[in-house]
Structures are given as structure tokens and as C-alpha cells.
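A short worksheet on the structure shown next.
The values are calculated or read from the model by the stated rules, or taken from the named source; none is laboratory data. Predicted model only: the values in this text are computed from it and were never measured. Note that we place each Cβ from the backbone using ideal geometry, even for glycine, and neighbour counts take in every protein chain shown.
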Amino acid sequence: MNLEEYKGVYVFAQQVDNEISSIAFELLGKAKDLAKDLNTDVTAVLLGSGVKGLADQLAEYGADKVIVVDDPELKDYRTEPYAHALASVINKYKPEIMLVGATAIGRDLGPRVSARVATGLTADCTVLEIGDFPLQAVPGQEQLHNQLLMTRPAFGGNTIATIACPYNRPQMATVRAGVMQKIDPIKGAKANVEEFNPGFTPDNKYVEILDIVKSVAETVDIMDAKILVSGGRGVGSPENFKILEDLAEVLGGTVSCSRAVVDSGWKPKDLQVGQTGKTVRPNVYFAIGISGAIQHVAGMEESDIIVAINKDADAPIFDVADYGVVGDLNKIVPKLTEALKAEIAAAKG
């Protein structure tokens, strides 16, 4: 493999029902940073049927070029045609870096594509940067520069691993939703579009979709919330979440929770914040009855303001909190809710 042939940072721009997923814009933001360090450009790869009209959105969020593979076989996500399409793009255009969102689709697609193009894949990354490998020079071993260093939690979040792929290309990673930041959109940007179709020959590996049944979500996506009131095991019971819901209602926020709450069956998985849940970046994050284990902190430490309420003064959550209250949440939270109600009523006059 001639590594010099591989150039550019590529992003798989996931779309569902002809709507680009937020993770694609997040990855483009990170791709811009990586491309700047490598003095190269950013390309989005858009797969689907009738999707060419979405290309300008990708340009607005940082794509210098958009490669569109448009074919009826790609109307709905299926492993085989999508893997064929993305692997064909990689083989033809030879990207140095290929980023895929760690969504349900990306976690299925990424490993299959990496196997087809004979390269490695680091899954569920939370940090990507350009640097040297090995990280520290080793006597007698060449230190390679301008490598993609892919960092991900391992062993349940108890340790952090930084991984490189120095001898194969592309360097591939799937990236958790919510950990990278979109750029401010460049209004009116027009995409430089290149159409490519590798051709599709359906065979017995292709799944036939008979019907698509969409579930109706009853909860707000916590990743979009500006204010989160999050509860942990310390809340005590599912019934006790009512006081958190009251606080969230006054603030116009959303209730979320820790893994312990989900494991206890008190709240659904969709509301879980943390390493095995969702990564969130609200303006204000209330951590109520949450001890602050590293797995939870990994999912919320980028919040603008963190307010912790816990009866244990030594709880690790206070190490990351901007404001902390030590005491009984059953007394503090209702008083806080009433005080906010009074403040809001006074402001309305």
C-alpha cells in the first residue's frame, strides 16, 4: 500500500428519509480541524436515493466537496449496498481519513467497510487529533508524524486508549454523537458536487425490506435539550423523580438520568447520560443524587454550567461542578423549584 496516494479527510454523511443526521454536521466540524492540521480538504460522502439536493447543507457545515452516490438501491439503509457504495468510494478516491458516526447505522457500516478496504477501525471515539506515533519516541523505532490519534474509553470507561493506524489507509474511526461540535453554518454555501456510482448487482446477500415501522418517541431527545435535570440512584425511587420533573417543568428543561437509574428500571435508556448512554452539551446540567462516576462524567462534562446536589460532600461530581450544594435533595430541590416559580412570577409582574 502506497500511503502517499491517500489524501483528504472524508466524512460519511448519514441521512435517513432524505434528512441529514446531526452527527454528519458534528463530524464535518471535527474534519475541518483535522484537515487544517494536515493542510488538506474535507469531503462528505452522501449515499441515498434522490439525495443530491442535500449537498449544499453539507457545504454550509464545512464540506469542501461532496461525493454523491445516488441509486434506488440506497433508498433505505441496508448493509450490503451501503457497504459496497462506501468501500467503492474509498477505493476510488483514496481518503487518508474516513470518519463515520457511531450511530446504529454507522456501527453496522463502519466495520464492514474497513474489512473490505483492508484497514483498521477504532470504534466509539471521543477524541480525534493529529500527532506523532508512537506518542513518545522509542529508541530504535521510527516516530511517524501526522497520524490520526483516535482516543476512546475502554473497559467500561475505566481507562482511556489512544489508537493509531500507521501502516494502512484510510485511518477509520466511528465517533460518538454529541462529542464533536458543529461549526457555525456558512449561509449560502454551495457544494462542489461530484457524482459517482459503482453500480449495484443485487444478489442473495441483499436484504429485501418488506415494511418499515417507525416507533413514536414519547420523550424529547436529551441531546437537543438546553437544560437537563438529571437524577441518579440517590434520588431514591422512581416516584421521587416527580420532584425533578417539577424542577424541569419550571425551567423549561428535560429530565435525564444516570445508568444506575436505567439499570434499576426507573427510567428508559433514551434518557441515560454517560459513556454507555448519550453525550450531552446543555447550557445547564443539574446532577441530582449522582455520585459522578467517570462513565457518567464522560457524557456531560462539556455542559456550559453544571450544578450538583448531593448529600455526600466527597462525591466526585463536585470536582466537575460549577456550583455545588451539599444536602438532602428531597428538601433542596422542592425549595429550589418554589424559589424559581416565585422569581418567574415576579418577573412577569
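Of the residues that sit in the stretch 183-216 and are at pLDDT 85 or above and of a type in the set (Lys, Arg), which one is nearest to Val297 (Cα to Cα)? Can you show your working first?
Taking the stretch 183-216 and keeping what is at pLDDT 85 or above, we get 183-200.
If we keep only those that are of a type in the set (Lys, Arg) too, we end up with 187, 190.
Working: Lys187: 34, Lys190: 39 Å.
Top of the filtered list is Lys187.
Which residues, counting only those in the stretch 297-349, are under 18 Å from Val255 (Cβ atoms), surrounded by fewer than 17 Cβ atoms within 10 Å (Cβ to Cβ) and touching a residue at least 24 places away in the same chain (Cβ under 8 Å)?
Selection gives Asn330, Pro334, Leu340, Lys341.
What number of residues in the stretch 20-50 are under 16 Å from Asn192 (Cα atoms) and buried (at least 21 other Cβ atoms within 10 Å of the Cβ)?
Qualifying residue count for the region: 7.
Taking the criterion of being of a type in the set (D, E, K, R), within 20 Å of the chain's Cα centre (by Cα) and over 25 Å from Leu144 (Cβ atoms), would at least one residue in the stretch 27-45 satisfy it? Don't jump to the end; show me each part of the working.
First, the residues of the stretch 27-45 that are of a type in the set (D, E, K, R): 30, 32-33, 36-37, 41.
Okay, now just the ones that are also within 20 Å of the chain's Cα centre (by Cα), so 30, 32-33.
Subsequent filtering for residues that are over 25 Å from Leu144 (Cβ atoms) retains none.
Scanning the stretch 27-45 turns up no residue that is of a type in the set (D, E, K, R), within 20 Å of the chain's Cα centre (by Cα) and over 25 Å from Leu144 (Cβ atoms).
Which is in a loop (DSSP other than H, G, I, E, B), loosely packed, with under 13 Cβ neighbours inside 10 Å, touching a residue at least 60 places away in the same chain (Cβ under 8 Å) and not hydrophobic (A, V, I, L, M, F, W, C), of Pro198, Pro202?
Values: Pro198 fails: loosely packed, with under 13 Cβ neighbours inside 10 Å.
Testing whether each residue is in a loop (DSSP other than H, G, I, E, B), loosely packed, with under 13 Cβ neighbours inside 10 Å, touching a residue at least 60 places away in the same chain (Cβ under 8 Å) and not hydrophobic (A, V, I, L, M, F, W, C) leaves just Pro202.
So, in the stretch 34-58, how many residues would count as being touching a residue at least 60 places away in the same chain (Cβ under 8 Å) and either out of contact with any strand residue (DSSP E or B) (no Cβ under 7 Å at 6 or more places or on another chain) or among the β-branched types (Val, Ile, Thr) (or both)?
1
A quick yes/no check of all residues on (1) of a type in the set (A, V, I, L, M, F, W, C); (2) surrounded by fewer than 23 Cβ atoms within 10 Å (Cβ to Cβ); (3) over 20 Å from the mean Cα position of the chain (by Cα); (4) modelled with pLDDT of 95 or more:
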{"site": "Glu218", "(1), (2), (3), (4)": "no, yes, yes, no"}
{"site": "Lys226", "(1), (2), (3), (4)": "no, yes, no, no"}
{"site": "Ser230", "(1), (2), (3), (4)": "no, no, no, yes"}
{"site": "Gly236", "(1), (2), (3), (4)": "no, yes, yes, no"}
{"site": "Glu249", "(1), (2), (3), (4)": "no, yes, yes, no"}
{"site": "Gly265", "(1), (2), (3), (4)": "no, yes, yes, no"}
{"site": "Thr276", "(1), (2), (3), (4)": "no, yes, no, no"}
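Of the residues in the stretch 142-170, how many are modelled with pLDDT under 85 and on the phi < 0 side of the Ramachandran plot?
Adding up the residues that qualify gives 5.
Any residue at all in the stretch 136-153 that is free of Cβ contacts under 8 Å to residues at least 24 places away in the same chain, more than 23 Å from Arg176 (Cα to Cα), assigned to a strand (DSSP E or B) and of a type outside the set (Val, Ile, Thr)?
From the stretch 136-153, those free of Cβ contacts under 8 Å to residues at least 24 places away in the same chain are 136-145, 149; that's our starting set.
Those left that are additionally more than 23 Å from Arg176 (Cα to Cα): 136-145.
Filter again for assigned to a strand (DSSP E or B), leaving 144-145.
Now drop any that are not of a type outside the set (Val, Ile, Thr), which leaves 144-145.
Yes, the stretch 136-153 contains at least one residue that is free of Cβ contacts under 8 Å to residues at least 24 places away in the same chain, more than 23 Å from Arg176 (Cα to Cα), assigned to a strand (DSSP E or B) and of a type outside the set (Val, Ile, Thr).
Count, please, the residues in the stretch 135-174 that happen to be among the polar types (S, T, N, Q) and touching a strand residue (DSSP E or B) at 6+ places or on another chain (Cβ under 9 Å). Step through it out loud before you land on a result.
Of the stretch 135-174, the ones among the polar types (S, T, N, Q) are 136, 141, 143, 146-147, 151, 158-159, 162, 168, 171, 174.
When the remaining residues are screened for being touching a strand residue (DSSP E or B) at 6+ places or on another chain (Cβ under 9 Å), the result is 143, 146-147, 151, 159, 162, 171, 174.
Here the count works out to 8.
Which of the numbered conditions does Ala173 fail, given that it passes all the others? Conditions: (1) more than 24 Å from Val320 (Cβ to Cβ); (2) outside any helix (DSSP H, G or I); (3) at pLDDT below 95.
The number of the failed condition is (3).
What residue, among those in the stretch 51-107 that are aromatic (Phe, Trp, Tyr) and surrounded by fewer than 20 Cβ atoms within 10 Å (Cβ to Cβ), is farthest from Thr279 (Cα to Cα)?
Within the stretch 51-107, the subset aromatic (Phe, Trp, Tyr) is 61, 77, 82, 93.
Narrowing the set further to residues that are surrounded by fewer than 20 Cβ atoms within 10 Å (Cβ to Cβ) leaves 77, 93.
Numbers: Tyr77: 24, Tyr93: 32 Å.
Result: Tyr93.
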